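A quick write-up on the structure given underneath.
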Amino acid sequence: MDRLTLRRPDDWHLHLRDGAMMRAVLPETTRHFARAIVMPNLVPPVVTGRDAAEYRDRILSAKPKGSKFRPLMTLYLTEETEVRDLRAAADIGLITAVKLYPAGATTNSASGVRDFTKVRRVLENMAQIGLPLCVHGEVTDPEIDIFDREAAFIERVLDPIRRDIPGLRVIMEHVTTSDAVDYVRSGGDDIAATITTHHLVINRNHILAGGIRPHYYCLPVAKRESHRRALVQAATSGDASFFLGTDSAPHTDAAKLQACGCAGCFTATNTLSILAEVFEAAGALDRLEAFTSLNGPAFYRLPVNDGTITLERGDSVTYPAAIDTEDGPVTVFDPGMPLHWRVRD
Ligand code: DOR
Ligand code: ZN
């Protein structure tokens, strides 16, 4: 097979940032994706309906001319989130989901949730109206080893919340372990997971063996190879519980390459080429469309996109090593393998 046509894909987990950075990274996503769930971890975060409306408008005005890209907005859940505000934003279709960051789990998560009893009423309301909760699934307990934080989150936080609030629809985002894959597989219709491009490609050796590679550092951190394989298996299986959320998270090289560098891999530019390579290697090119374009809308109860994109296989495809922004260069994720599939313009 050397040509593949897919329904136009969506990205169910994306960081667009704001200002100059947003203007630089937005075209990298709108080129190929019709919609994206836009993460609310700005500084300060997007916490109210009004914040979301204003952020949406800034995205729409930064969008390249002629692009039909639709940002799907999220609210950042805090212990102060008001049910009334959240329901109003959901009622008018302003928000598509709510994001839960355990306080301190990752970039700009300081306003996240410390005491889960304080968000119980909000979560109950979300269950009532079917508004999905996107979850950053890592505990923040310093006693827990960073490589175990996802598995611990399932047991200590996620499973208790789901038992307590039946009907709450949850997307466990950027899963990195076979534990999470197993949990989602056996979790019924109210739970799904996104998988990033980079977690399908790298394991923890890529970050740490033979020199430290800050551009491969992200959160949740990549785990050992057996977990990466479980992710590839889940993504390429066609199982409707798994879909693409790139978690493309731009940071300038200056912010990545320092004594305490930021977490995030920037994959918006070359994601589709990389995914085609991964799915081809797994003998599952026929399931790429389910992962990029069908399973996500089905879980979010949204229509699939009208248009299509076509991928063509040929001699190797190259991408710029970095994209320029007014704040400095942002390195594009290096998959460390030759790519052969290009998106036809
Ligand atoms: O690697 C990450 N980068 N993980 C996150 O959860 C946040 C993201 C960011 O905003 O940079
Ligand atoms: Zn993210």
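The values are calculated or read from the model by the stated rules, or taken from the named source; none is laboratory data. Bear in mind the structure is a predicted one, so any value in this text is a computation, not a measurement. All Cβ positions, even for glycine, are placed from backbone atoms using ideal geometry, and neighbour counts span all protein chains on display. The protein model used for the area step is the full one, side chains on, heavy atoms only, and it has no ligands, DNA or RNA in it. Shrake-Rupley method; radii C 1.70, N 1.55, O 1.52, S 1.80 Å.
Some values worked out for this structure:
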item	result
Segment 191-334, dipole about Cα centre (Lys/Arg Cβ +1, Asp/Glu Cβ -1), debye to the nearest 20	700 debye
Neighbourhood net charge (13 Å Cβ-Cβ; Lys/Arg +1, Asp/Glu -1) for residue 108	+1
Surface accessible to a 1.4 Å probe, residue 28 within the full protein complex, Å²	20 Å²
Accessible area of the chain belonging to carbon and sulfur atoms, whole % at 1.4 Å probe	48 percent
Cα centre as origin, Lys/Arg/Asp/Glu Cβ charges: the chain dipole, Debye	600 debye
Neighbour net charge for residue 200 - beta-carbon separation under 15 angstrom, K R +1, D E -1	-2
List 82, 312, 277, ordered by accessible area with a 1.4 Å probe, largest first	82, 312, 277
P(r) histogram, all alpha-carbon pairs of segment 172-288 included - 5 Å bins from 0, percent	2, 12, 21, 23, 20, 12, 6, 3, 1
Cut-off 12 Å between beta-carbons: net charge of the residues surrounding residue 313, Lys and Arg +1, Asp and Glu -1	-2
From phi via Karplus (6.51, -1.76, 1.60), per-residue ³J(HN,Hα) for segment 160-170 in Hz, x at Gly/Pro	x, 4, 5, 6, 6, 10, x, x, 5, 8, 10
Surface/4 of the Cα convex hull for segment 10-155, nm²	9.3 nm²
Accessible area of the chain divided out per residue, in Å², using a probe of 1.4 angstrom	42 Å²
Max mean-square fluctuation residue, GNM over the chain, Cα-Cα springs under 10 Å, options 176, 310, 96	310
Stokes-Einstein diffusion coefficient of segment 237-307, Kirkwood radius over Cα pairs, 10 °C, 1.306 mPa s, in µm²/s	113 µm²/s
Charge dipole of the chain about the Cα centre (unit charges at C-beta), most positive-ward option of 216, 325, 117	325
Spread of Cα-to-Cα distances over 10 Å intervals beginning at zero, given as percent, for the chain	6, 27, 38, 24, 5, 0
Centroid-to-centroid separation of segment 246-309 and segment 128-180 [C-alpha atoms, Å]	21 Å
Magnitude of the charge dipole, segment 85-129, Cβ model with Lys/Arg +1 and Asp/Glu -1, debye to 20	140 debye
